[in-house]
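Trainee: Attaching a single structure in structure tokens format; questions to follow.
Just so it is clear, none of the values below were taken in a lab; they were calculated from the coordinates. Model, not experiment: these values are computed from the prediction. With ideal geometry, Cβ positions are generated from the backbone for all residues, glycine too; neighbour counts draw on all protein chains shown.
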Amino acid sequence: MAQRRLLEGLGVTVAEENSYRALLRHGPATLSELAAETGTSAAAIRRMLPRLEDLGLISRVAGRPLRLVATPPNVAIDILVARRQEELTHSRAAAALLATEVADRGGPHPEEVLEVVSGRDAVARRYLQLERNATREMLVLVHPPYAVDVSDDRENRRRAARQGAPTRGIYSPLAFEHPGMLAHTRRAIADGEQARLGQVPVKLAIADARTAILPLVSDEDRAVESALVVHPSALLDALVGLFETLWRAAVPLRLSAETLEPEAWPQASDAEVLTLLAAGMKDDAIARQLGLSPRTVQRRVQVLCERLGARTRFHAGFLAAQHDLLD
């Protein structure tokens, strides 16, 4: 059975790690003995010798014939980690210098502003990467179809546990046609998301106002097979501006846990029905989201319309928003 690689992350190749570990097991050894232990040739070990010494994994024992001894693991690992940290420091400094060269030429080229991601899994990974790396704020326009499975409870718990950047989300009424979306949104709000309901012309996610991702093709009936990633540019500024405009026009989305007192009105379930009415959703769609029968929803809508003095379903949603029952 192949050995598990332990030093790959520190820049050590398979052959180098095998030689080092063989020397740890065998103790001080000649080139021939180490070659026999690793199943390779003495010439191959000799060619590898300068690199192993440079990494600090081995040293030579004085005398003839040439004998090699492994550096104790705690010392060797410290050397490798220090070396990698030094490389990372140099890389960060190099990135800063390279950024000045981009600035000197007058900004990024068009091909550096836009990035095309192809494949459903690749799009999902890219979105989750943006979400994980956001530190200041995530802005999201929620509209089907979805790149990430919102019904995956395990992934949802992992994402909530990461406690990423604060999120503001605007949900399309069509978003709640998806089974389980209401429960997913309720969890997101409980975790601190600010959610509103409004018109959503396109799926969109923006991380820290520096990177955005949106579908390359808009089709409500098909999964997201390709997406466009937008880096700092006038286009990204326009997408941020679009979100803020839609945010100001959207209605606050109230989806709280059912913890209100029985005498209170509207109760949590009533507030959810009003919110979905304001979104223009039909009784059947509301029933699916709330786990009720269409007849029960029809009766509840009728009662809510009577209490609000509303002439129509849409009027009930409008009055609920006007009276701050959705906020």
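Trainee: Roughly how many nanometres apart are two label points built 7 Å out from the Cα toward the Cβ at Thr89 and Glu53?
Mentor: Roughly 2.6 nm, to one decimal.
Trainee: Listed highest first by mean packing, meaning other Cβ atoms within 10 Å per residue, what order do 81-92, 166-177 come in?
Mentor: 166-177, 81-92
Trainee: Given a Förster distance of 51 Å, report the FRET efficiency between Arg136 and Leu66 from their Cβ-Cβ distance, rounded to the nearest 0.05. Could the numbers behind the result be given before it?
Mentor: Details: r = 58 Å, r/R0 = 1.13.
Once rounded, the FRET efficiency stands at 0.35.
Trainee: Of the listed peptides 14-21, 270-277, what is their order by residue-averaged count of other C-beta atoms within 10 Å, with the highest listed first?
Mentor: On the way: 14-21: 18.8, 270-277: 24.2.
In descending order of packing, they fall as 270-277, 14-21.
Trainee: On to the next question. Given R₀ = 51 Å, FRET efficiency for Glu8-Glu244 by Cβ-Cβ distance, to 0.05?
Mentor: Efficiency, rounded to the nearest 0.05: 0.70.
Trainee: Here's something else I'd like to know. With a Förster radius of 56 Å, plug the Cβ-Cβ distance of Gln199 and Ala36 into 1/(1 + (r/R0)^6) and report the FRET value to the nearest 0.05.
Mentor: With a Förster radius of 56 Å, E is 0.15.
Trainee: Can you give me the distance in nm between label points at Arg125 and Leu24, each placed 7 Å from the Cα along the Cα-to-Cβ direction?
Mentor: 3.0 nm
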